[in-house]
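Scroll down for the structure; my scribbles are underneath it.
Read the figures in this text as sums done on the coordinates, not as results from a lab. What you see is a predicted model; the values in this text were computed from it and never measured. We place every Cβ from the backbone using ideal geometry, glycine too, and count neighbours over all the protein chains shown.
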Amino acid sequence: MGDTLRNTAAGKNTAAGLAAAAASDVDEITGHRRMRRTRVADWSRRLTRETRLTVDDLIWPVFIVPGTSITEPIDAMPGVNRMSVDHAVEAARMAADLGIPALATFPNVEMDKRDEAGSHVLDPENLINQATRAIKKAVPNIGIITDVALDPFTSHGHDGILRDGEIVNDETVRAIAAAAVHQADAGADIISPSDMMDGRIGAIRRALDAAGHHNVSIMSYATKFASACYGPYREAIGTSGLLKGDKRTYYLDPSNAMEAIRDAGLDVEEGADMLMVKPGLPYLDICRALKDAYGLPTFAYQVSGEYSMIKAGAAAGYIDGERIMMETLLAFKRAGCDGILTYFAPEAARLIAKGLG
Ligand code: PBG
């Protein structure tokens with residue numbers, strides 16, 4: 001081998017020598033292992049494709065506002081709107097027609113309903129519960145995933161009860177578990193706590209079971225990182241101006257993969273039916289690790305900042321937005337995810353329906 005390489009290098013002084021040397025080099029190096037054989041044609045690429053994105057993989061997060069006949073744009077998220085419940089019902093119908101399996105709802109509640117303890121989360125008639133009731137009644141065949149965090153309801157934008165400068169864990173968990181029961185009463189199919197308090201999955205499971213909601217699932221935001229990617233969402237639900245400090249005392253440190261796996265393991269022990277990784281693309285290693293470690297249905301949340309970066313790049317003409325959208329969604333599948341929460345859901349579903357997925 002060493003001799004052959006030296007000889008061919010010497011023969012590269014003439015064009016003929018170069019061609020001959022190249023041919024023998026390639027023979028020598030590849031043998032019969034030519035990876036490009038399966039890539040030669042569209043049919044063979046389709047035949048050997050390992051991962052596919054289908055409409056069944058998509059969960060669509062939607063923002064709800066009080067009032068009627070409202071569809072208002074969110075500046076930081078081009079193409080995404082906040083909708084009043086009646087318009088959200090229409091959007092749910094459209095999503096069901098596209099074949100999207102489930103929606104995740106997020107409320108932007110009136111400022112005068114927000115307080116230090118986020119107590120309006122416990123109102124069975126609050127906006128998120130109104131939306132669930134209306135959507136379930138009109139579009140019973142679409143799944144509804146509700147977030148039980150306190151942040152849309154607190155005057156300080158945190159996901160927990162703030163006392164003497166601290167987000168208190170256990171009291172927050174009690175509020176979340178009670179709110180989860182109201183959400184299930186309203187018709188939520190999956191309760192999805194996004195607050196990262198300790199012990200919340202077990203507390204929610206016990207509360208749901210005690211209320212007879214045995215078939216309501218829990219999708220844990222098991223590994224939620226203290227990320228800079230949530231900015232546009234906070235504009236969407238009106239917490240960006242409110243949030244004091246940051247969420248590093250309860251969200252995971254972006255440096256820590258082992259801690260993330262341990263944290264998710266507790267959620268599995270406590271009875272989570274499904275796990276979620278959030279944000280998405282910067283944390284594909286965590287998606288793969290959780291899928292391999294626990295084998296539960298695993299989801300990624302391609303969050304607002306990820307969405308807005310792609311939209312902004314496409315609007316500036318720097319990137320092909322549609323192709324990047326599909327490539328990023330496929331990447332989640334390749335990393336082991338069973339599905340993706342994504343603001344692109346309707347757009348991606350339409351492309352998939354046209355056979356362009
Ligand atoms: C908080 C919550 C967040 C998101 C959904 N629920 C994060 C936050 O505001 O800290 C982010 C979703 C997104 O960015 O798309 N409970």
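Under 16 Å between C-alpha atoms is the cut-off here; go through the chain and count lysine pairs that meet it, provided they're at least eight residues apart or on different chains.
Eligible lysine pairs with Cα atoms under 16 Å apart amount to 7.
Rounded to the nearest 500 deg cm²/dmol, what is the calculated helix-only ellipticity per residue at 222 nm for the chain, with -39500 (n - 2.57) per DSSP H run of length n ≥ 4?
The helix-only estimate for the chain comes to -13000 deg cm²/dmol at 222 nm.
Computed over the Cα atoms, what is the radius of gyration of segment 259-357 divided by 2.2 N^0.38 Å, N being its residue count?
For segment 259-357, the normalised Cα radius of gyration is 1.16.
Could you put Asp198, Asp147, Asp285 in order, starting from the residue whose Cβ has the fewest other Cβ atoms within 10 Å?
Asp285, Asp198, Asp147
Taking every pair of alpha-carbon atoms in segment 158-232, what share in percent sits in each 5 Å bin, from 0 to the bin with the longest distance?
In order of increasing distance, the bins hold 3, 16, 26, 21, 17, 11, 5, 1 percent.
Diagonalise the Cα gyration tensor of the chain and give the resulting equivalent ellipsoid semi-axes, square root of 5 times each eigenvalue, largest first, whole Å.
Rounded to whole Å, the semi-axes are 45, 23, 20.
Going out from 0 in 10 Å bins, what whole percent of all Cα-Cα distances in segment 144-282 drops into each bin?
The distribution over segment 144-282 is 12, 43, 37, 8, given as percents.
Between Ala316 and Asp285, what FRET efficiency comes out of the Förster formula 1/(1 + (r/R0)^6) with R0 = 25 Å and r the beta carbon distance, rounded to 0.05?
Once the sixth-power term is evaluated, E becomes 0.30.
By counting other Cβ atoms within 10 Å of each Cβ, how are Asp151, Asp159, Asp209, Asp185 ranked from fewest to most?
Result, fewest neighbours first: Asp209, Asp185, Asp151, Asp159.
If I stretch the segment between Ala41 and Thr68 completely, what's the gain in nm (0.36 nm per residue apart, minus their alpha carbon distance), one decimal?
Full extension from Ala41 to Thr68 adds 4.5 nm.
Placing unit charges on C-beta atoms (Lys and Arg positive, Asp and Glu negative, everything else neutral), compute the dipole magnitude of the chain about its Cα centre in debye, rounded to 20.
About 1600 debye.
Please name whichever of Pro78, Leu53, Thr154 sits farthest to the positive end of the charge dipole of the chain, dipole taken about the Cα centre and charges placed at Cβ: Lys and Arg +1, Asp and Glu -1.
The residue sitting farthest along the positive end of the dipole is Leu53.
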